[in-house]
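Visitor: Right, I'll just put the structure down here and ask away after.
The values are calculated or read from the model by the stated rules, or taken from the named source; none is laboratory data. Just so you know, these numbers come straight off a predicted model, no measurement behind them. When we count neighbours, we look across all protein chains shown, and the Cβ atoms used for this are built from the backbone with ideal geometry, even at glycine. SASA here: full protein model, heavy atoms, side chains in, ligands and nucleic acids out. Shrake-Rupley method; radii C 1.70, N 1.55, O 1.52, S 1.80 Å.
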Amino acid sequence: MSVHAEIRADETSVFPRFLDLAYPNVERGEGVRLYLTDGREILDACSGGAMVACLGHGVSEIVEAAAAQAEQLAYIYFHQFTNEPQERLAERVLDVAAPEMARIRFVSGGSEANEMMLRLVRQYHVDRGEPERWRIVSPAQAYHGATMGTLALTGRPGLQRPFREYLPSHLHLPPSTPRFDPTGQAALDELDRLVEEAGPETIAAFLCEPISAAALPGYSPPDAFWHGLAERRERYGFLICFDEIVTGMGRVGSWFAYQQLPVEPDVLSAGKGLGAGYFPLAATLCKQHVYDALAAGSRELEHGHTWDGAPLSCAVGLAVLDQLVSRGLVERVSGRGPSLRDELEAAVGELEIVREVRGRGFLLGVELVDPRDGESLLPNEIDAAELVDQVAYEHGVLVTSSHASPDRFAGDQTLLAPAYTSSDDELAEMIERFASALADVEATVRERLA
Ligand code: PLP
């Protein structure tokens, strides 16, 4: 078979996600540069596109650690055995990154880790003698995974359709976004209303992204919301769960986002940066009191996937953690994040298609609007998100944009999440390429609107 630089649905045996898209064929990566099979170079401003490759591509220390572990023991089932890499990684993550947590279970991906959160929360309440607690309240404008269990946690109709029949009826807060609810009070009022209507004794948890990723890039509600949420945890007796699949492991300038907020979760998930794209790895973590409830109750956390806690994935996790610590990368993200946001704002903030540049650490979001008034969401037919990604790609930079939601809670938005290892020059080049792409997008959008 000849090697194509781009592959369409009718040229492949793969069942692609989008049948109308020509997929660029990436051959290799070096640091923050990706190379296609035709030699073209793309600057990766989104850690592989899914905010995963936080150390960049081709880190030889991690490859060597993986190879050494694979030679010794790649796989053993966690159901029957434990292994040294799993034991050491659990201890190190809790020591170094999440000292406020007590226990950790490793899985392969973000959806699995969030499913695990659901199981753990449910088992916690059942073991404490409150089996009627099952409902989860979560903000509608969010993403928590692709399994049916996690899909039910978002309230985005565009994602849930046509799978609604498979989804339990959890409760959602619309629209707790900066545009509709700048103080966070509307979200708290809605939370009260939903909990009272359903009955507080049926509510198992409030679950959210503490700092949003793709669904509202870089957004976190104001402190008043978090204080109000903590107060309601006491009042209603539910747990707080944070989905830190994206924000965990340094992405926002602290090991976890909760460490920047005035409330700590009882349970949280981590993913992407844990394996940094070198092996699928994610985890669910909990506080001591959550563990204690199961220890005093069923004495079982019944949830398992074949690859949970495997030696190979955990050895990769250890090598990633070594890199983060020895190179001071969380400190780097924390120190460089604010100026990076300022530089992005200086480069694109004047464009009339941009309403806001926001974010923390190396998780930055650009909110796009109708350039004619600088405020209204763009009409869906303009397809601004796809246009941005396409034009950015033509300018040689990889970013990831989200479409406006059909309920109009959020408009088109672009997310930049470079590797923590990006040099200042590389960051400047990413911003420069993205800014010139966005200027072109604005011109095209104006044409389409006319
Ligand atoms: N949670 C958040 C916030 C995410 O961004 C994602 C994936 O992008 C997930 C959960 C699901 O993770 P995965 O795709 O690894 O299942």
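Visitor: Do you know which residues across the range 412-432 are in a loop (DSSP other than H, G, I, E, B) and in contact with a Lys or Arg (Cβ under 8 Å, 6 or more places away or on another chain)?
Guide: Matches in the range 412-432: Ala417, Tyr420, Thr421.
Visitor: Can you tell me which residue within the range 195-223, out of those that are under 23 Å from the mean Cα position of the chain (by Cα) and away from the ligand (no atom under 16 Å from the Cβ), is least open to solvent (accessible area, probe 1.4 Å)?
Guide: Within the range 195-223, the match that is least open to solvent (accessible area, probe 1.4 Å) is Ala204.
Visitor: State the number of residues belonging to the range 150-169 that are within 13 Å of the ligand (Cβ to nearest atom), open to solvent by 20 Å² or more (accessible area, probe 1.4 Å) and touching a residue at least 40 places away in the same chain (Cβ under 8 Å).
Guide: 1
Visitor: Check Thr147 against each of (1) over 23 Å from the mean Cα position of the chain (by Cα); (2) open to solvent by 20 Å² or more (accessible area, probe 1.4 Å); (3) β-branched (Val, Ile, Thr) and name the one condition it does not meet.
Guide: (1)
Visitor: Looking at the range 107-129, which of the residues that are of a type outside the set (D, E, K, R) and assigned to a loop (DSSP other than H, G, I, E, B) is farthest from the ligand (Cβ to nearest atom)?
Guide: In this case the residue turns out to be Gly129.
Visitor: Right, something else. Restricted to the range 275-297, and to residues that are open to solvent by 50 Å² or more (accessible area, probe 1.4 Å) and among the hydroxyl-bearing types (Ser, Thr, Tyr), which residue is nearest to Gly110 (Cα to Cα)?
Guide: Tyr278
Visitor: When both residues are 6+ apart or on different chains and their Cβ atoms are under 9 Å apart, which pairs have a first residue that lies in the range 424-441 and is closer than 14 Å to Glu394 by Cβ, and a second that is in a helix (DSSP H, G or I) and of a type in the set (Asp, Glu)?
Guide: Ala437/Glu394; Asp440/Glu394
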